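Here is the structure we will look at.
The values are calculated or read from the model by the stated rules, or taken from the named source; none is laboratory data. What you are looking at is a predicted structure, and each value in this text was computed from that prediction instead of being measured. Here the Cβ positions follow ideal geometry from the backbone for every residue, glycine too, while neighbour counts run over all protein chains shown.
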Amino acid sequence: MKKVVAVVAVLALALTAFVAIGLAVQGFAPDDSAPSARPTPSPTTPPPPSVTQPPAPALADFYSQRIDWQPCESDADQDCGTLTVPVDYREPGGETLDLSLLRVPATGARVGSMVVNPGGPGARGTSYAAAAKQVFREPLRQGFDIVGFDPRGVGRSDPVDCLTDAELDDYLAGDPTPDTPAEVADYKASVLSFGERCVAASGPVLGHVTTIEAARDMDVLRSALGEETLTYFGASYGTKLGATYAELFPEQVGRFVLDGAVDVSLDPRSLALDQAAGFETALRAYVQNCLDSTDNCFLGDSVDEGLATISDLLDSIEQEPLPAGDRELTVGNAFYGIITPLYNRDYWFLLSTALASALDGKGTALMQLADAYASRNPDGSYADNSVEANYAVNCLDDPTSVPFAKVPSLFDAFEAASPTFGDVFAWGMAGCRGVAVTSSEEPLVIRAEGAAPILVLGTSRDPATPLKWARSLAGQLDSGVLVERDGDGHTAYNAGNECIDTIVEDYLLDGDVPPDDTAC
């Protein structure tokens with residue numbers, strides 16, 4: 001599922017909603033140099049040989065690892081550790097990297113370990129696990145050790161680096177819909193230089209941050225956790241990662257939940273068109289809610305009027321940026337500020353506050369939402385490398401992009417899908433023109449034949465991963481089971497729908513598989 005970060009089409013971060021309301025998921029970041037604030041858990045019984053059997057003899061040392069869990073410095077009730085994996089699985093005797101891990105131990109009768117991934121690509125799995133009290137309901141926290149990992153190139157796992165903080169500010173502020181020769185020239189220069197900067201600032205891991213390699217890492221993690229099969233909860237892009245694992249290791253699939261599913265069969269253009277339509281649908285739902293819940297919606301007297309007000313605001317900001325403290329809110333910033341609260345209906349009030357303020361000539365509130373989207377701290381630093389990692393993973397997975405001169409030919413189709421955001425997504429189709437490395441991994445046709453039942457969740461008005469994607473992925477997977485939520489916002493679990501929550505928890509904890517095409 002693609003979202004546009006300035007000039008690069010990228011996937012949405014599932015943690016955006018938490019950051020947007022100040023829960024500061026970044027604050028949960030693990031620190032491996034932790035004091036012994038509580039006793040380290042006793043070593044577990046060595047797993048049977050079937051658990052640590054590697055897919056190739058040369059990987060035996062990696063699969064025989066045991067994780068040295070230590071209390072995290074940030075929270076002594078959580079455990080931090082590392083896992084060593086090869087940079088290149090074709091050369092397991094070559095360079096290695098250490099993946100950063102975080103575990104939240106089960107609080108009740110333990111069922112096993114559940115590996116989690118929040119999406120992105122680029123979002124930190126350690127932060128996702130650390131925020132377990134906000135992300136997962138009590139039954140799952142009681143039954144599972146919730147284990148998150150920063151995928152290769154992300155967070156503290158040999159992170160990809162491309163831009164300085166100041167350069168990243170400029171990148172995100174760039175005009176995502178250039179319409180003059182000078183703006184197009186700036187756009188092209190930004191796209192073409194981004195990949196080169198990544199090569200200059202990153203190590204050898206840059207060419208090995210594909211989804212396929214991250215999925216291989218997950219099987220090494222499964223072995224190190226002592227689990228015969230992998231229990232997994234993946235959200236957003238995490239569903240692509242999970243589906244890839246299932247294709248590579250179908251016999252190791254345990255109980256899998258893929259929430260906010262990505263259609264892994266689609267080409268980049270179709271993905272971008274669907275997501276543009278998804279954000280338009282979400283924006284229309286937001287405006288309709290304004291009309292339904294207030295006597296005089298500040299955006300207008302109809303949905304079309306409300307959308308026109310927002311479009312006119314973006315046009316005016318493009319012509320004249322708004323003051324935002326000691327910064328200026330550009331149209332690029334405004335775009336991210338608008339789409340951020342669409343990820344969760346509970347935060348629509350933040351969008352109303354920010355839009356009303358912007359219509360009054362003040363850009364601070366909208367800028368704060370844009371900053372939350374990119375994990376930018378108030379002091380101007382960035383809490384993670386999600387923007388750079390997002391670019392690297394997406395463009396390594398599929399470097400396909402549209403030549404700059406051909407982007408205008410896409411406008412009609414993208415504007416039909418999204419009158420408000422269409423041109424942004426159209427220009428995003430040129431995002432990988434600057435990719436400077438290639439992957440040796442061959443694309444997969446994902447079917448996961450022979451895997452245990454896999455739960456695939458979709459939400460009817462999800463802005464970032466449209467429901468049609470979940471339906472498609474469930475059909476592609478040999479054992480996919482579709483469950484649909486009627487509602488707003490990104491992903492289905494723990495979004496206020498008891499039907500969905502009960503199904504997910506009964507499946508993960510007890511193995512109860514719901515009927516296919518269940519609707520909640």
Handout entry: Single condition Leu473 does not satisfy, out of (1) farther than 26 Å from Thr210 by Cα; (2) in contact with a strand residue (DSSP E or B) (Cβ under 8 Å, 6 or more places away or on another chain); (3) not basic (Lys, Arg)
Key = (1)
Problem - Per-region count, the range 378-409, residues part of a helix (DSSP H, G or I), among the polar types (S, T, N, Q) and loosely packed, with under 13 Cβ neighbours inside 10 Å - result: 1
Exercise for the section: Would you mind telling me which numbered condition in (1) part of a helix (DSSP H, G or I); (2) surrounded by 23 or more Cβ atoms within 10 Å (Cβ to Cβ); (3) not hydrophobic (A, V, I, L, M, F, W, C) Arg197 fails? Expected result: (2)
Practice task
Would you be able to say whether some residue in the range 474-482 is in contact with an Asp or Glu (Cβ under 6 Å, 6 or more places away or on another chain), crowded, with 23+ Cβ neighbours inside 10 Å and touching a residue at least 40 places away in the same chain (Cβ under 8 Å)?
Solution key: no
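Restricting to the range 292-309, name every residue that is outside any loop (DSSP other than H, G, I, E, B) and either touching a helix residue (DSSP H, G or I) at 6+ places or on another chain (Cβ under 7 Å) or among the aromatic types (Phe, Trp, Tyr) (or both). Outline the logic, then answer.
Let us first name the residues in the range 292-309 that are outside any loop (DSSP other than H, G, I, E, B), namely 292-293, 303-309.
Residues satisfying the conditions are Val303, Gly306, Leu307.
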Practice task
Check the range 114-127 and report whether any residue there is at pLDDT 95 or above, on the phi < 0 side of the Ramachandran plot and over 19 Å from the mean Cα position of the chain (by Cα).
Solution key: no
Handout entry: Given (1) touching a residue at least 24 places away in the same chain (Cβ under 8 Å); (2) assigned to a loop (DSSP other than H, G, I, E, B); (3) over 21 Å from the mean Cα position of the chain (by Cα), index of the condition Asp512 fails
Key = (1)
Practice task
Quick one: in the range 349-377, of everything that is aliphatic (A, V, I, L, M), in contact (Cβ under 8 Å) with a residue 60 or more places away in the chain and outside any loop (DSSP other than H, G, I, E, B), which residue is farthest from Val160 (Cα to Cα)?
Solution key: Leu359
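Consider Gly278 carefully, then state whether it is in contact (Cβ under 8 Å) with a residue 24 or more places away in the chain and either out of contact with any Ser or Thr (no Cβ under 6 Å at 6 or more places or on another chain) or of a type in the set (D, E, K, R) (or both).
Judged against the criteria, Gly278 is a match.
If a residue has to be part of a strand (DSSP E or B), of a type outside the set (Gly, Ala, Ser) and within 30 Å of Thr340 (Cβ to Cβ) to count, how many in the range 455-486 make the cut?
Selection size over the range 455-486: 10.
Scan the range 136-149 residue by residue and report those that are assigned to a loop (DSSP other than H, G, I, E, B) and more than 17 Å from the chain's Cα centre (by Cα).
Arg137
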